[in-house]
1. Among the residues of region 106-114, is any in contact with a helix residue (DSSP H, G or I) (Cβ under 8 Å, 6 or more places away or on another chain), within 16 Å of ligand 1 (Cβ to nearest atom) and in contact (Cβ under 8 Å) with a residue 40 or more places away in the chain?
2. Could you check how many residues of region 393-430 are touching a residue at least 60 places away in the same chain (Cβ under 8 Å), more than 16 Å from ligand 1 (Cβ to nearest atom) and under 22 Å from the mean Cα position of the chain (by Cα)?
3. Those residues that are touching a Gly at 6+ places or on another chain (Cβ under 7 Å) and either closer than 15 Å to Leu441 by Cβ or buried (at least 23 other Cβ atoms within 10 Å of the Cβ) (or both), I need them from region 30-46; list them, please.
4. What's the number of the condition Cys280 fails, among (1) of a type outside the set (Phe, Trp, Tyr); (2) in contact (Cβ under 8 Å) with a residue 60 or more places away in the chain; (3) in contact with a Gly (Cβ under 8 Å, 6 or more places away or on another chain)?
5. Taking interchain pairs and intrachain pairs at least six residues apart, which have beta carbon atoms under 9 angstrom, with the first residue in region 143-167 and free of Cβ contacts under 8 Å to residues at least 60 places away in the same chain and the second of a type in the set (Lys, Arg) and surrounded by fewer than 24 Cβ atoms within 10 Å (Cβ to Cβ)?
6. Hand me the list of strands (runs of 3 or more DSSP E) wholly inside region 254-369 holding 2 or more residues that are aliphatic (A, V, I, L, M) and either under 19 Å from Arg153 (Cβ atoms) or open to solvent by less than 50 Å² (accessible area, probe 1.4 Å) (or both).
7. Scan region 232-250 for residues that are of a type outside the set (D, E, K, R) and open to solvent by 30 Å² or more (accessible area, probe 1.4 Å) and report the count.
8. Suppose we filter Asp382, Asp437 for residues that are in contact (Cβ under 8 Å) with a residue 24 or more places away in the chain and more than 30 Å from Val276 (Cβ to Cβ); which single one remains?
Amino acid sequence: MDLRQALANVVGERHALEDPELRAPYERDWTGRFGAPATVVVRPANTAEVAEVLRVCGDLGTTVVPQGGNTGLVGASVPRGGEVLLSLARLDTIGEVDEALGQVTVGAGATLAALQAACRAAGKDAGLDFAARDSCTIGGVVACDAGGARALRLGTARAHVVGLEAVLADGSVVSRLQGLMKDNAGYDLPALLVGSEGTLGVITAVRWRTTALLGSRVAALVPVASVTAAAELLAALRAEAPSLDSCDFFLDDGLELVVAYQQRSNPVRDRAPVYVLAECAARTDPTDELAAALERAGIDDALIADDTTSREGLWRLREGHTEAINAAGVPHKLDVGIPLAQLERFLEAVPTIAAEAVPGTRAILFGHLGDGNVHVNLLGPDPNDERADDAVLEFVLECGGTISAEHGVGIAKARWLERARGEAEVAAMRAVKQALDPAGLLNPGAVLVEARV
Ligand code: 2HG
Ligand code: ZN
């Protein structure tokens with residue numbers, strides 16, 4: 001029996017897609033930089049079908065790329081060519097929120113926005129948020145340990161995972177969905193699977209820890225003269241505003257690009273090299289806390305937004321960067337983490353470093369100030385020309401930073417993992433991969449280059 005038919009027998013004819021037109025949306029990533037044809041796209045309906053799909057692929061020796069909402073930015077969730085593309089989109093059920101425990105079981109294919117809505121309906125908060133909320137799915141969010149703006153207060157996806165269910169490469173199912181907060185019996189397999197980018201197992205469901213719903217929010221967009229001034233503002237916010245929920249930044253050229261793309265008038269009158277977008281959230285109005293922090297930092301020209309519409313208007317300036325950049329070309333995306341003390345040096349040097357590596361390269365820099373998480377977007381180099389990426393990543397390591405903060409390593413940065421983590425750590429990672437996926441079935445080439453399995 002051929003592969004497609006064997007898979008169709010598991011998931012049903014309608015959910016084993018061979019037609020190139022039907023496969024196409026699963027085969028190219030959001031930026032347009034990564035992707036290749038899959039042999040077949042399979043859309044199982046539940047964990048048992050996922051397990052059977054992996055067994056069939058194992059028997060026939062076919063590699064598998066798991067995919068959630070296809071919003072990944074490092075090429076980890078689209079085919080490299082010839083794999084089975086395993087879409088988790090149909091595993092989208094969200095259980096009832098257990099109000100006493102503050103937990104909910106959510107299928108890998110449920111979107112972050114759907115989880116947020118379910119939590120809100122139960123008087124809770126999902127505690128995680130970022131621009132891809134309407135398309136990204138919880139399995140992918142956990143598989144790459146996504147972060148977003150609120151990570152500064154509530155942590156990355158990892159902090160919200162009480163337990164999870166996953167199918168391992170041999171088709172066996174491991175499950176910790178009971179929601180036991182204290183359960184240290186044996187190795188913490190769920191923790192190992194968080195951030196493993198589909199290379200160690202396929203996450204099918206997550207037991208999610210909700211947070212308190214803080215109904216009162218206020219945001220401030222603050223133009224500042226330098227990154228040093230931005231860091232001083234961050235310190236003042238931390239000192240004066242325990243309600244600080246997020247603290248992002250962008251630069252003036254990014255603002256111009258976004259405003260032009262969104263065809264709106266620039267709401268910022270006092271132009272500056274750097275803009276900080278800070279938001280406070282509390283049960284009672286946090287405006288006074290925010291005002292006290294701004295005063296302590298000597299700021300009197302902030303744009304304050306204390307209603308939902310104006311807050312969303314400010315956030316569109318920050319979150320709109322990704323779409324505006326995509327409209328300008330196929331970006332090389334380097335999601336990196338930089339120690340705050342090195343941030344000024346980093347942001348100043350990167351445009352020159354990138355342009356020296358590939359003349360004409362344009363660098364657009366923005367991100368999450370509170371975490372030192374910088375999204376370096378490079379426009380200009382061909383999709384396969386990695387000279388500018390390499391030069392920037394080299395500088396990241398020189399600054400004592402990390403090559404991946406919240407998007408994952410994927411295939412985009414796998415080459416860099418050993419430089420970043422060192423030989424011993426990568427050898428241990430290979431040993432884990434070898435133990436859990438000895439045939440190298442799952443997401444080959446992601447995280448570990450040529451995993452010698
Ligand atoms: C964000 O913070 C996302 O908006 C995407 O992590 C970043 O487009 C990017 O580089
Ligand atoms: Zn981000």
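1. Among the residues of region 106-114, at least one is in contact with a helix residue (DSSP H, G or I) (Cβ under 8 Å, 6 or more places away or on another chain), within 16 Å of ligand 1 (Cβ to nearest atom) and in contact (Cβ under 8 Å) with a residue 40 or more places away in the chain, which makes the answer yes.
2. Of the residues in that region, 2 qualify.
3. Phe34, Thr39
4. (3)
5. Here the result reads Ala159/Arg209; His160/Arg209; Val161/Arg209; Val162/Arg176; Val162/Arg209; Gly163/Arg176; Leu164/Arg176, each pair linking region 143-167 to a residue that is of a type in the set (Lys, Arg) and surrounded by fewer than 24 Cβ atoms within 10 Å (Cβ to Cβ).
6. Passing ranges, in order: 274-282, 332-337, 362-368.
7. 3
8. None of the others qualify; the one that does is Asp437.
The values are calculated or read from the model by the stated rules, or taken from the named source; none is laboratory data. Treat the numbers as computed from the prediction; the structure is a model and nothing was measured. So basically every Cβ, Gly included, is an ideal-geometry build from the backbone, and we count neighbours across all protein chains shown. Note: areas computed on protein heavy atoms with side chains; ligands, DNA, RNA excluded. Shrake-Rupley method; radii C 1.70, N 1.55, O 1.52, S 1.80 Å.
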